[in-house]
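Read the structure below first, then the notes.
The values are calculated or read from the model by the stated rules, or taken from the named source; none is laboratory data. In this text, all values refer to a predicted model and were calculated from it rather than measured experimentally. Cβ placement follows ideal geometry from the backbone for every residue including glycine, while neighbour counts extend to all protein chains displayed. The area values use the complete protein model at the heavy-atom level, side chains included, leaving out ligands, DNA and RNA. Shrake-Rupley method; radii C 1.70, N 1.55, O 1.52, S 1.80 Å.
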Amino acid sequence: MNPLSAERLEKIHAYWRAANYLAAAQFYLQENPLLREPLRPEHLKPRIRGHWGSAPGLNLIYVHLNRLIQDTHARLLILAGPGHCASAILANVYLEGTYSEFFPEMPRNTEGLTRFCRQFSSPGGVPSHVSAMTPGSIHEGGELGYSLLHAFGAVFDCPDLIAAAVVSDG
């Protein structure tokens, strides 16, 4: 692969920052996700469920795996094993537009983003771990070792597939 241009590196970094922000916003915000007004207590969720630790690393892996796909047309599968890491994976599938394709009630606008953040780890919403409700998911997150098993099985079935299994948790 060729070295990254300054422009492309800045775009990758901007995407990573946006994914990190959306991952954090899902934990904390139930209103005002774009911070268009000063943050007030009523904008915050009453309780936090899950943990942030895995999100920045998963977002970094996700953005660079996307770069690998763009540059080489690689067939790739990411397996997110860490529990409570769904905020990172969901942030990426929301940013790329896939989430809104599966859930049209979550459009990529302020109203959709508010609903997107509000639903995370909330009653009637989506779990804090990767689940069947996560577009593209093939396994339940929170099972660190199982992601390795799924990765091995995937590449045994498709030898030209790259399976990136993340097993660390924070």
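Think of it as helices only: each DSSP H run of n ≥ 4 in the chain is worth -39500 (n - 2.57), and spread over all residues that comes to -15000 deg cm²/dmol at 222 nm. The mean accessible area for residues of the chain, using a 1.4 Å probe and ignoring ligands and nucleic acids, is 54 Å² per residue. Backbone amide hydrogens, once placed in the peptide plane, bring Gly83 within less than 5 Å of Gly142, excluding anything fewer than 5 places away on its chain. A Förster radius of 30 Å, combined with the Cβ-Cβ distance separating Glu31 from Glu101, puts the computed FRET efficiency at roughly 0.75.
Short version: what are the Cα gyration tensor semi-axes of the chain, square root of 5 times each eigenvalue, largest first, in whole Å?
Equivalent-ellipsoid dimensions as semi-axes: 27, 20, 14 Å.
Counting charges near Phe27 (Lys, Arg +1; Asp, Glu -1) among other residues having Cβ under 9 Å from its Cβ returns a value of +2.
Projected label points at Met133 and Asp71, each 7 Å from Cα along the beta carbon direction, are separated by 3.6 nanometres. Solvent-accessible area of Thr98, all protein chains in place: 30 Å² (probe radius 1.4 Å, heavy atoms, ligands and nucleic acids excluded). When you count the other C-beta atoms within 10 angstrom of each residue and take the mean per peptide, 36-43, 113-120, 147-154, 124-131 line up highest first as 113-120, 124-131, 147-154, 36-43.
Counting only protein chain heavy atoms and rolling a 1.4 Å probe, the accessible areas of Trp52, Trp16 rank, largest first, as Trp52, Trp16. Take the Cα of Leu60, step 7 Å toward its Cβ, do the same at Cys158, and the gap between the two points is 2.7 nm.
Shown for the stretch 1-82 is the translational diffusion coefficient from the Stokes-Einstein equation, using the Kirkwood radius over Cα pairs, a temperature of 10 °C and a viscosity of 1.306 mPa s: 107 µm²/s.
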